[in-house]
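The structure under discussion appears below in the form of structure tokens.
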Amino acid sequence: MNRSLLAAAGLAALASCSTPQVVTATNNFDRASDVDFVCFDTNASPPRALPTSECGINPQDNSATTPGRALFALVTQAERGELAAVNLAASTGTALVDNTGNIPGYTFVPVGALPVAVVVDVRAGDVPSSVWVASASDRTIERIDAAAVLRDPRTADQIGRAHV
């Protein structure tokens with residue numbers, strides 16, 4: 001009896017000395033609901049959107065088949081109201097694009113509440129290429145300049161909104 005009481009007291013003492021485990025939230029994908037793809041000429045400044053047929057990925061090492069061109073996936077984040085960009089031809093494997101370096105964690109392009117669909121519209125010539133994101137919550141469609149998905153569009157007037 002004394003042994004079991006002593007053992008229980010010892011376990012209670014050990015448990016009280018342990019530090020609680022801190023779980024840090026990562027701002028990775030959160031309720032991804034739709035995806036579309038866009039090719040970028042990464043040698044251009046700012047990067048220029050190209051048709052996806054001009055990008056390819058080497059299956060052996062995930063590198064771009066054409067130097068200076070990279071294929072990106074644009075993924076809606078329904079929970080956070082954002083659009084994530086993922087470099088599918090990153091030299092170290094797929095890589096999330098952190099759109100705002102001064103905010104801790106990965107931040108993506110804000111696009112409105114409950115984004116449910118994304119469509120990339122790449123145009124030839126001087127016509128700007130666009131990314132269109134539909135929001136189910138506030139019934140809007142946002143137009144984002146395609147090159148803005150690789151940087152923080154909140155710093156420039158790159159987002160347009162239309163109610164549908």
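Summary of computed values
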quantity	calculated
Region 85-112 residues that are on the phi > 0 side of the Ramachandran plot and surrounded by 16 or more Cβ atoms within 10 Å (Cβ to Cβ), paired with ones that are at pLDDT 70 or above and not charged (D, E, K, R) (beta carbon under 6 Å, 6 or more apart)	Gly112/Gly81; Gly112/Ser135; Gly112/Thr140
Output for region 44-53, where each listed residue is of a type outside the set (S, T, N, Q) and either exposed (fewer than 15 other Cβ atoms within 10 Å of the Cβ) or assigned to a loop (DSSP other than H, G, I, E, B) (or both)	Ala44, Pro46, Pro47, Pro51
So Ala32, is it closer than 25 Å to Thr76 by Cα, at pLDDT 55 or above and surrounded by 10 or more Cβ atoms within 10 Å (Cβ to Cβ)	yes
Selection status of Val75, more than 17 Å from Asp145 (Cβ to Cβ) and part of a strand (DSSP E or B)	yes
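The values are calculated or read from the model by the stated rules, or taken from the named source; none is laboratory data. The structure presented is a predicted model; accordingly, all values stated were derived computationally and were not measured. Note that each Cβ is placed from the backbone with ideal geometry, even for glycine, and that neighbours are counted across all protein chains shown.
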